[in-house]
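Notes follow once the structure below has been shown.
Nothing in this text is a laboratory measurement; each read-out follows from the coordinates by a stated rule. Values in this document were obtained by computation on a predicted structure and should not be read as measured data. Note: ideal-geometry Cβ built from the backbone for every residue, glycine included; neighbour counts use all protein chains shown.
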Amino acid sequence: MKIKTQPIEGQKPGTSGLRKKTRVFMEQHYLENFIQATFNAIEGGTGKKLIVGGDGRFFNRQAIQTILKMAAANGVREVIVGQGGILSTPAASHLIRLNAADGGFILSASHNPGGIDEDFGVKFNGQNGGPAPENLTAKIFDATLTISEYQLADAADVDLQEIGTAQLGAMLVRVVDPVESYQSLMESLFDFAAIRDMFAGGFTMRFDAMHAVTGPYAHAILEDALGAAKGTVVNGIPLEDFGKGHPDPNPIWAKPLMDLMMSEDAPDIGAASDGDGDRNMIVGRGAYVTPSDSLAVLAANAHLAPAYADGLAGIARSMPTSAASDLVAKKLGLGSYETPTGWKFFGNLLDAGKVTICGEESAGTGSSHVREKDGLWAVLLWLNILAERKQSVAEIMMDHWQTFGRNYYSRHDFENVASEKAQTLMQRLAAKLPDLAGQTVEGMRIVSADEFSYLDPVDGSVSENQGMRIAFDDGARAVFRLSGTGTQGATLRLYLEQFAQNETDRAPQEMLQNVRKAALTISEMQTLIGRVEPDVIT
Ligand code: VG1
Ligand code: CO
């Protein structure tokens with residue numbers, strides 16, 4: 001069937017796909033327009049093979065049925081779907097690569113809450129398994145502006161509960177176990193025997209799946225394959241509303257895990273992952289590891305895991321991520337790259353073999369094994385390193401800082417700021433940047449200030465306006481950026497960093513006080529948005 005429709009405004013993909021309130025996605029033609037626009041942008045579906053799955057949030061299965069019918073009508077040859085509509089983002093990326101598929105739709109709003117009154121999202125990943133690059137998301141957006149009809153097969157729903165195959169018109173639908181091939185991939189990367197021995201020797205862990213997609217993966221890999229005690233994985237059943245929580249693995253939203261790790265009863269390691277399983281949080285007994293530090297430690301120790309025994313090709317981080325991983329790259333004599341926020345910018349570097357490990361300050365780390373960040377992968381790499389080094393997380397962190405110095409780091413989020421106010425702040429700051437170098441603010445001397453623009457070294461594309469950064473002469477840095485994943489008002493992110501070569505055991509917020517004051521003064525935050533206290537500090 002060809003169904004008449006009209007362009008719907010606001011279907012511009014952000015940092016990671018299109019995210020909106022679930023009720024918006026449920027409006028007539030909303031999801032269909034975006035999916036058809038994607039087919040139009042990739043020159044149709046004829047003969048293609050796609051992967052489809054999501055994080056299990058409310059509307060996931062219904063959206064998948066619509067996508068299947070649209071794929072069939074657009075001439076797609078085969079779709080592989082996770083059983084129950086479930087696929088973590090990294091597992092979907094792996095399935096695209098494993099099956100040499102043409103791409104895939106991943107349904108998730110990641111760390112945003114789920115439910116009929118919360119958020120839903122869709123992203124399209126390409127042949128390499130990675131998020132659509134900017135030139136493709138731009139084409140998709142253009143297609144949403146001119147769409148006049150979409151194609152839909154007039155067919156019954158496919159049973160997603162049973163593993164097996166079904167026909168949807170001429171299209172083959174294969175329902176697969178969401179965990180199996182991902183687990184095999186993890187077994188091929190890490191020393192499962194060494195990790196199993198560590199657990200058998202009494203090593204303890206808590207993994208908080210936050211009622212999101214990694215529950216089944218963590219049960220199968222940590223408890224069943226690696227022998228972690230039953231009960232290691234908590235909140236392991238994916239729920240449509242994530243138990244009403246924010247499935248965002250950070251000290252704020254994973255507070256019960258943090259409380260346990262800071263208590264007398266703490267196990268050896270605590271970990272958590274987000275809605276779609278691509279983020280990770282790592283906490284040792286009494287020792288929270290910031291994601292920027294985690295990236296640096298993983299890069300410095302990756303050779304202890306079989307897949308990385310020959311060393312790394314290079315390391316990439318997003319611009320707001322701390323420079324801790326740059327120091328590792330320097331010491332190891334590796335290339336290091338600074339990209340805009342969002343995993344799509346790592347794809348070219350990974351495809352070209354320029355980097356092996358990538359990471360973001362927002363709790364995302366990953367490697368060349370897929371083209372997405374990968375929460376459980378990071379946890380398993382940590383476990384592999386712990387099994388080899390036979391030290392605690394806290395000892396490994398201390399040792400790392402003593403070797404490299406410490407990049408104190410924190411992100412302050414100001415949520416639900418009126419969009420015009422946030423825009424005004426960003427515009428005024430941008431106007432000031434050219435004159436900042438050389439000035440001293442709140443006792444801090446500015447050495448450089450600019451708006452980050454990225455020249456992709458592989459395809460030569462340029463991405464402008466990727467955040468403003470101000471560097472100070474004592475190794476401090478402040479970065480301002482507007483979030484591209486929110487669904488309400490604007491979220492202003494202030495990223496703070498302070499390097500210290502020798503003082504490695506101070507409280508982070510205390511070490512960041514001066515750079516914070518300078519950042520607030522330079523941006524006139526109090527005057528322009530009426531507050532300086534953030535909603536979330538990570
Ligand atoms: C945030 C993070 C960014 C991450 C993105 C998607 O984007 O800052 O590092 O890549 O979320 O992650 P923004 O534009 O809100 O700052 V996920 O796990 O939500 O797909
Ligand atoms: Co995510």
> Which value, to two decimals, describes the C-alpha radius of gyration of the range 430-515 once divided by 2.2 N^0.38 Å?
Replying inline: 1.28
> Average projected area of the Cα convex hull of the range 1-159, in nm²?
Replying inline: 8.1 nm²
>> Sort 456-465, 517-526 by the packing proxy (mean of other Cβ within 10 Å over each peptide's residues), most packed first.
In response: 517-526, 456-465
>> Sort 428-435, 320-327 by packing, meaning the average of other beta carbons within 10 Å per residue, with the highest value first.
In response: 320-327, 428-435
> Charges only on Cβ, +1 for Lys and Arg, -1 for Asp and Glu: so what's the dipole of the range 380-516 about the Cα centre, in debye to the nearest 20?
Replying inline: 240 debye
> How big is the equivalent ellipsoid of the range 1-87 along its three axes, where each semi-axis is √(5λ) from the Cα gyration tensor, reported in whole Å from largest to smallest?
Replying inline: 19, 18, 12
> Sorted from largest down, what three extents in whole angstroms do the Cα atoms of the range 56-142 have along their principal axes?
Replying inline: 34, 28, 25
> Peptides 383-396, 71-84, 205-218: what's the order by average Cβ count within 10 Å, highest mean first?
Replying inline: 205-218, 71-84, 383-396
> Within the chain, what percent of beta bridges assigned by DSSP are antiparallel, to the nearest 5?
Replying inline: 70 percent
>> If I take every Cα pair under 8 Å that is 6 or more residues apart in the chain, average their sequence separation and divide by the length, what percent do I get for the relative contact order?
In response: 13 percent
> Considering every Cα-Cα pair within the range 238-287, what fraction, in whole percent, is farther apart than 18 Å?
Replying inline: 30 percent
>> I'm a student and want to see the number: the projected area of the Cα convex hull of the chain, averaged over all directions, in nm².
In response: 23.1 nm²
> Nearest 0.05, what FRET efficiency do His303 and Arg445 give at R0 = 45 Å with Cβ-Cβ as r?
Replying inline: 0.70
> With all pairs of different alpha carbon atoms counted, what Kirkwood hydrodynamic radius in Å does the range 205-281 show?
Replying inline: 12.2 Å
> Magnitude of the Cβ-charge dipole of the chain, K/R +1 and D/E -1, about the Cα centre, nearest 20 debye?
Replying inline: 660 debye
> Taking 0.36 nm per intervening residue step and subtracting the Cα-Cα distance, what contour gain separates Lys330 from Lys2 on full extension?
Replying inline: 112.4 nm
>> Less than 27 Å apart at the alpha-carbon level, and either on another chain or at least 8 residues along: which lysines does that give for Lys330?
In response: Lys344, Lys354, Lys373, Lys390
>> Largest first and in whole Å, what are the equivalent-ellipsoid semi-axes of the range 78-118 based on the Cα gyration tensor, each being the root of 5 times an eigenvalue?
In response: 23, 11, 8
>> Can you divide the C-alpha Rg of the range 212-342 by 2.2 N^0.38 Å and report the result to two decimal places?
In response: 1.17
>> Please rank Thr538, Thr204, fewest neighbouring Cβ atoms within 10 Å first, as an exposure proxy.
In response: Thr204, Thr538
>> Give the lysines whose C-alpha is closer than 26 Å to that of Lys421, dropping any in the same chain fewer than 8 places away, or say none.
In response: Lys12, Lys20, Lys21, Lys432, Lys517
